[in-house]
Amino acid sequence: MGEQVRVDKWLWAVRVFKTRSIATEAVKKGRVFIDDIAVKPSRVVKVGDVVKVRKSPVTYSYKVLQLAGKRMGARLVSDFMLDVTPKEELEILEVQKNSGWFQRERGTGRPTKKDRRDLDDFFEIE
């Protein structure tokens, strides 16, 4: 038949996840889909499959070009997978990155270091 590779092992090999255990955990939690169906870690990947990985808030899509059972260098990843994530998903990530910085009104939330030092100085006098 040929080489068979588990989905968790393939995701680790093409550097979607840092470790194989993290990849296996993501698959078990239902964050990995093949043909829009949640899969188990033992599911075998085939050339041509589109693997979707949900990493909040974006769902990334990768097309399998070749099978890989061993982790590879970052330069070789493009030979084994093609990123087919829709632009709308990537725009969500960009919007979230840009909206992450907002001005907090003074007096809301936790005190800053300066506020804490001022309070310490105030109570130290008594």
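When restricted to residues that are under 15 Å from the mean Cα position of the chain (by Cα) and in a loop (DSSP other than H, G, I, E, B), segment 85-96 contains 1.
Name every residue in segment 16-40 that is aromatic (Phe, Trp, Tyr) and more than 14 Å from Ser61 (Cβ to Cβ), in order of residue number.
Across segment 16-40, the qualifying residue is only Phe17.
Of all residues in segment 18-60, those that are touching a Phe, Trp or Tyr at 6+ places or on another chain (Cβ under 6 Å) and not in a strand (DSSP E or B) total 2. Please work out which residue is modelled with the highest pLDDT, limiting yourself to segment 49-70 and to residues that are more than 24 Å from Glu88 (Cα to Cα) and either surrounded by 15 or more Cβ atoms within 10 Å (Cβ to Cβ) or within 12 Å of the chain's Cα centre (by Cα) (or both). The extreme case among them is Leu67.
Annotation note: Cβ proximity below 8 Å between a residue of segment 72-91 that is in contact (Cβ under 8 Å) with a residue 24 or more places away in the chain and within 15 Å of Asp49 (Cα to Cα) and a residue that is among the basic types (Lys, Arg) and outside any helix (DSSP H, G or I) (sequence gap 6+ or interchain) occurs for Met81/Lys63; Val84/Lys63.
State whether one or more residues within segment 33-48 are surrounded by fewer than 20 Cβ atoms within 10 Å (Cβ to Cβ) and closer than 23 Å to Gln96 by Cβ. Scanning segment 33-48, I find at least one residue that is surrounded by fewer than 20 Cβ atoms within 10 Å (Cβ to Cβ) and closer than 23 Å to Gln96 by Cβ, so the answer is yes. Among the listed residues Arg15, Arg75, Arg71, identify the single one that is assigned to a loop (DSSP other than H, G, I, E, B), of a type outside the set (Val, Ile, Thr) and closer than 27 Å to Lys97 by Cα. Matching residue, one of Arg15, Arg75, Arg71: Arg15.
The values are calculated or read from the model by the stated rules, or taken from the named source; none is laboratory data. Note that the structure is predicted; figures quoted are calculated from it, not measured. With ideal geometry, Cβ positions are generated from the backbone for all residues, glycine too; neighbour counts draw on all protein chains shown.
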